[in-house]
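Below: one structure, written as structure tokens.
The values are calculated or read from the model by the stated rules, or taken from the named source; none is laboratory data. Computed from a predicted structure; not experimentally measured. With ideal geometry, Cβ positions are generated from the backbone for all residues, glycine too; neighbour counts draw on all protein chains shown. Accessible surface areas use protein heavy atoms only, side chains included; no ligands, DNA or RNA. Shrake-Rupley method; radii C 1.70, N 1.55, O 1.52, S 1.80 Å.
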Amino acid sequence: NAGVTQTPKFRILKIGQSMTLQCTQDMNHNYMYWYRQDPGMGLKLIYYSVGAGITDKGEVPNGYNVSRSTTEDFPLRLELAAPSQTSVYFCASSYDRGEAFFGQGTRLTVV
Amino acid sequence: DAKTTQPTSMDCAEGRAANLPCNHSTISGNEYVYWYRQIHSQGPQYIIHGLKNNETNEMASLIITEDRKSSTLILPHATLRDTAVYYCIVRGDYKLSFGAGTTVTVRA
């Protein structure tokens, strides 16, 4: 089992560009989450999903979009990147409210 | 979900037990207490969770007070590798939201 896999690991974007952060899990978990973590700060929930076709906003959803067309994949889309979106992004999955497994993160810099 | 309050930081001597407190005075009956930790810049790691009974696993013990308004995570024999930020989370529904956590430094 690979667990939760995030790609890419690092990315530099120019202001106004768009990109998709990929997240896939092979544990057949129904819940999936996206977080961002700014330097020296805690994790902030961006979006979450309780199953394919169902997504909901977290604490900081502005500037992001998600989709959940399959159980395995939960991509995060950044439209019109801004310097304020420079952060480390973590994806996670769990079975219901059980143990959540996290990916290794994507370090994004917007310049 | 109920709000949690944790100390900002604490030190612990290697080999000794580390006791990490968490207050959650507004917790409701169907909300669980979860603990995660984050070592350096890695993704958070699950430690333990419980509803009302004390819980123990290979990593730690979780002691929840009878009124459920506070809890303590116990690392029985802290090692240098336990240096991390520890998050206490109260969770009732789908969301898993992190606060600021406690920075624990284990010293030799």
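Per-structure values
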{"item": "Per residue accessible area in Å² of chain A, where ligands, DNA and RNA are left out and the probe is 1.4 Å", "result": "48"}
{"item": "Percent accessible area from carbon and sulfur atoms, chain B, protein chains only, probe 1.4 Å", "result": "48"}
{"item": "Beta bridges by DSSP in the protein assembly as shown, antiparallel share as percent, to the nearest 5", "result": "85"}
{"item": "Simple Cβ-charge dipole of chain A, Lys/Arg +1 and Asp/Glu -1, about Cα centre, in debye nearest 20", "result": "380"}
{"item": "Those residues of region A:28-60 whose amide nitrogen sits under 13 Å from the label point placed on A:GLU99, 7 Å along Cα→Cβ", "result": "none"}
{"item": "Entries of B:LYS52/B:LYS95; A:LYS9/B:LYS95; A:LYS57/B:LYS52; B:LYS3/B:LYS52; A:LYS44/B:LYS95; A:LYS57/B:LYS69 with Cα pairs more than 23 Å apart", "result": "A:LYS9/B:LYS95; A:LYS57/B:LYS52; A:LYS57/B:LYS69"}
{"item": "Relative contact order %, region A:58-100, counting alpha carbon pairs below 8 Å whose residues are six or more apart", "result": "25"}
{"item": "Contact order normalised by residue count of chain B, Cα under 8 Å, 6+ apart, percent", "result": "37"}
{"item": "Euclidean distance of C-alpha centroids, region B:5-39 and region A:1-80, integer Å", "result": "27"}
{"item": "Amide H within-cut-off set for B:SER70, under 5 Å, with H built and near neighbours excluded", "result": "B:HIS24, B:THR65"}
{"item": "Cysteines having no other Cys beta carbon under 4.7 Å from their own, within the protein assembly as shown", "result": "B:CYS12"}
{"item": "Buried area at the B-A interface (accessible, heavy atoms, 1.4 Å probe, summed, Å²)", "result": "1700"}
{"item": "Net dipole in debye of chain B [+1 Lys, Arg Cβ; -1 Asp, Glu Cβ; about Cα centre; nearest 20]", "result": "140"}
{"item": "Contour minus Cα-Cα distance for B:GLN42 and B:THR26 (0.36 nm per residue)", "result": "2.7 nm"}
{"item": "Of all accessible heavy-atom area on chain A, the percent that carbon and sulfur account for (1.4 Å)", "result": "52"}
{"item": "Unit charges at the beta carbon, dipole of the protein assembly as shown: most positive-side option, A:TYR33, B:HIS40, A:THR86", "result": "A:THR86"}
